[in-house]
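Visitor: Got a structure for you, questions after.
The values are calculated or read from the model by the stated rules, or taken from the named source; none is laboratory data. Treat the numbers as computed from the prediction; the structure is a model and nothing was measured. Here the Cβ positions follow ideal geometry from the backbone for every residue, glycine too, while neighbour counts run over all protein chains shown. Surface areas here come from the heavy atoms of the whole protein model, side chains and all, with no ligands, DNA or RNA. Shrake-Rupley method; radii C 1.70, N 1.55, O 1.52, S 1.80 Å.
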Amino acid sequence: MKAEKIEVVRGRGNVFRDLGHKNPDAEQFKAILAAEIIKTLDRQHLTVRAAHSRTGIAAADFSRIRNADLGRFTLDRLMSILNRLGSRVEVKIRVRIAESVAR
């Protein structure tokens with residue numbers, strides 16, 4: 001079997017930007033919040049049904065988050081879910097000039 005050469009490309013820190021998504025910063029923030037929700041569920045040994053009982057959030061929503069199906073979620077909804085699970089969200093913002101903007 002002949003080994004195929006694979007090109008390795010270093011990312012720029014946001015996979016959604018690297019893939020050319022429309023709103024990469026918001027998508028990355030959603031992914032980070034979803035990962036924190038999943039960590040909280042795992043740490044507290046909560047099934048999606050138990051999480052529903054504790055928070056009032058639909059079990060199907062927790063399943064969507066576990067499956068990274070985040071299209072239906074806004075950033076504030078994901079933060080609200082984290083709050084209902086007993087966590088607080090702190091956001092630190094750093095604004096930089098985009099590389100593609102001409103001066």
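Visitor: Which trypsin sites (Lys or Arg not before Pro) in the stretch 51-92 sit in a loop by DSSP (not H, G, I, E or B) and have at most 13 other Cβ atoms within 10 Å of their own Cβ?
Guide: Working: sites: 54, 64, 66, 72, 77, 84, 88, 92; in loops: 72, 88, 92.
Passing both the DSSP loop test and the Cβ count: 72, 88, 92.
Visitor: For a quick check of your reading of the filter: which trypsin sites (Lys or Arg not before Pro) in the stretch 8-37 sit in a DSSP loop and have no more than 14 other Cβ atoms within 10 Å? Present the calculation step by step, with values, prior to reporting the outcome.
Guide: Details: sites: 10, 12, 17, 22, 30; in loops: 10, 12, 22.
Listed in order of number, the matching sites are 10, 12, 22.
Visitor: Can I ask one more? Can you report the principal axis dimensions of the stretch 7-47 using only the alpha carbons, biggest first, rounded to whole angstrom?
Guide: 39, 24, 13
Visitor: Each residue of the stretch 38-53 in order: what ³J(HN,Hα) in whole Hz does its phi give by Karplus 6.51 cos²θ - 1.76 cosθ + 1.60, θ = phi - 60°, with x for Gly and Pro?
Guide: With coefficients 6.51, -1.76 and 1.60, one gets 4, 4, 5, 4, 5, 5, 8, 6, 9, 6, 5, 5, 5, 5, 4, 4 Hz.
Visitor: If you don't mind, another one. Just the accessible area for residue 47, please: 1.4 Å probe, Å², rounded to the nearest 10?
Guide: Spelled out: residue 47, probe radius 1.4 Å, area about 80 Å².
Visitor: Using θ = phi - 60° and the Karplus form 6.51 cos²θ - 1.76 cosθ + 1.60, what ³J(HN,Hα) does each residue of the stretch 11-23 get, whole Hz, x for Gly and Pro?
Guide: Taking θ as phi minus 60°, the curve returns x, 9, x, 9, 4, 5, 5, 4, 8, x, 5, 5, 10 Hz for the stretch 11-23.
Visitor: On the accessible surface of the chain, probed at 1.4 Å, how many percent belong to carbon and sulfur atoms?
Guide: On the way: 4330 of 8430 Å².
Roughly 51 percent, rounded to a whole number.
Visitor: To continue, here is another question. What whole-number value in Å² describes the accessible area per residue of the chain for a 1.4 Å probe? Walk me through the numbers on the way to the answer.
Guide: Values: 8430 Å² over 103 residues.
For the chain, the solvent-accessible area averages 82 Å² per residue.
Visitor: For the stretch 46-103, evaluate the Debye formula with one uniform point scatterer on each Cα (no solvent term) and list log10 I(q)/I(0) at q = 0.22 Å⁻¹, rounded to two decimals.
Guide: Results for the stretch 46-103 at q = 0.22 Å⁻¹ read -0.88.
Visitor: To the nearest 10 square angstrom, how much accessible area does residue 18 have with a 1.4 angstrom probe?
Guide: 60
Visitor: Let me know the whole percent of all Cα-Cα pairs from the chain that are separated by more than 25 Å.
Guide: 36
Visitor: Then there is this: Considering the dipole of the chain built from charges on the beta carbon (Lys and Arg +1, Asp and Glu -1) around the Cα centre, which of 16, 71, 44 is farthest to its positive end?
Guide: Farthest towards the positive pole: 44.
Visitor: If you don't mind, another one. Extension gain residue 5-residue 47, at 0.36 nm per residue separation less the Cα-Cα distance, in nm?
Guide: Numbers: separation 42, 0.36 × 42 = 15.12 nm, distance 4.23 nm.
This chain segment gains 10.9 nm when fully extended.
Visitor: Under the rule of -39500 (n - 2.57) per DSSP H run of 4 or more residues, summed and divided by the residues of the chain, what mean residue ellipticity at 222 nm is obtained, to the nearest 500 deg cm²/dmol?
Guide: -14000 deg cm²/dmol, from helical runs alone.
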